[in-house]
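Below is one structure, written out as structure tokens; the observations come after it.
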Amino acid sequence: MKREMATTERALLIVNPAAGKRHASDGDLAECVRLLSAAGFDIDVRETGSEGPTSGDLAKTALAEGFRVVLVAGGDGTVAPAAIALLGTDATLGILPFGSFMNIANGLGIPLKPIDAARVIAERKVKRSDVGELAGKVFFETCGIGIDADMFGAARLAERSRWGPAFRRIVRWATANSHRVEITVDGKTERHRVLQILIVNSPYYGWAFPIVPKADMTDGLLDVAIFPRKGRLELIGWMLKIWHTGRPGKPPRLLRGKIIEIASSETIPVHADGQIAGRLPVSVRCCEGALRVFA
């Protein structure tokens, strides 16, 4: 008796042709397509463009056309908009790491070499990833108060080799003032004077810094890293230690919970994955298992 061929599964592959290729080699994309086709995926390749479409546009189109697998070849800036479009649906995201800083893939344990990541997709094992939400905006990596956007902005500028603006962002980050804040995590309140607070979903941040190495994107909780007021030289030294060793220095104050509220008498901007998302006071919640991902 002959074994019947497995039915192929349609998959839309979104490619950002301008993405950095820190972990990729020439020919990797073609090899990924070959490997995934051999695994039973019928792949339709579409590219993003500087004037559109975006990865989010293409992911929405994929859903409208009946695709239930959406693959993204690019960095976090390409992955995130596509992932947002897939939240709460039965479609599954696959990540092929073709960017410089792959904090979402890294946080989910996806290999950072595209061909290895394609092999993971071919196995069709699915994780349910949490996302954070505040004021109607979602984040996959971190949100934070005040100076968080400068570190994210520096990473994004460096990814495009704009080193001058990236350095200016780092200087602004390292010389910022501290703030008095009130933090409530699942109903328990603390008061601190802080330089920075990060609410973490992925353990990696900015230039793939392991700010909270034990953060888990599938545990239904967000980690809250509280950085007390520090001198400028001490802060820069702390960041350099992470840069050189890949490990955090003296751990900040860490809390965990599903709902985090931050308030202050100051009007402090709040950032989600490097974009302004509002101002204090703010309530942040964990949306447990909102995204299906091959991982």
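Give the residues of region 279-295 that are part of a strand (DSSP E or B), over 21 Å from residue 82 (Cβ atoms) and open to solvent by 30 Å² or more (accessible area, probe 1.4 Å), sorted by residue number.
279, 283, 285
All but one of (1) at pLDDT 95 or above; (2) in a strand (DSSP E or B) hold for residue 196; state the number of the condition that does not hold.
That leaves (1) as the condition not met.
Given the conditions (1) outside any loop (DSSP other than H, G, I, E, B); (2) crowded, with 19+ Cβ neighbours inside 10 Å, report the number of the one that residue 99 does not fulfil.
Evaluating residue 99 over (1) outside any loop (DSSP other than H, G, I, E, B); (2) crowded, with 19+ Cβ neighbours inside 10 Å leaves (1) as the failure.
For region 63-88, which residues satisfy the criterion of being crowded, with 16+ Cβ neighbours inside 10 Å and either over 24 Å from residue 288 (Cα atoms) or among the charged types (D, E, K, R) (or both)?
68, 73, 74, 76 - these are the residues of region 63-88 that are crowded, with 16+ Cβ neighbours inside 10 Å and either over 24 Å from residue 288 (Cα atoms) or among the charged types (D, E, K, R) (or both).
Filter region 34-60 for residues that are assigned to a helix (DSSP H, G or I), open to solvent by 50 Å² or more (accessible area, probe 1.4 Å) and either β-branched (Val, Ile, Thr) or within 22 Å of residue 115 (Cα to Cα) (or both) and give the result.
34, 37, 38
Just checking: which of the helices (runs of 4 or more DSSP H) contained wholly in region 103-188 hold 3 or more residues that are open to solvent by less than 10 Å² (accessible area, probe 1.4 Å) and modelled with pLDDT of 80 or more?
103-107, 114-123
Return the total of residues in region 68-96 being over 25 Å from residue 113 (Cβ atoms) and assigned to a loop (DSSP other than H, G, I, E, B).
5
The values are calculated or read from the model by the stated rules, or taken from the named source; none is laboratory data. Just so it is clear, the model here is predicted, and its values are computed rather than measured. With ideal geometry, Cβ positions are generated from the backbone for all residues, glycine too; neighbour counts draw on all protein chains shown. With ligands, DNA and RNA removed, areas are computed over all heavy atoms of the protein, side chains included. Shrake-Rupley method; radii C 1.70, N 1.55, O 1.52, S 1.80 Å.
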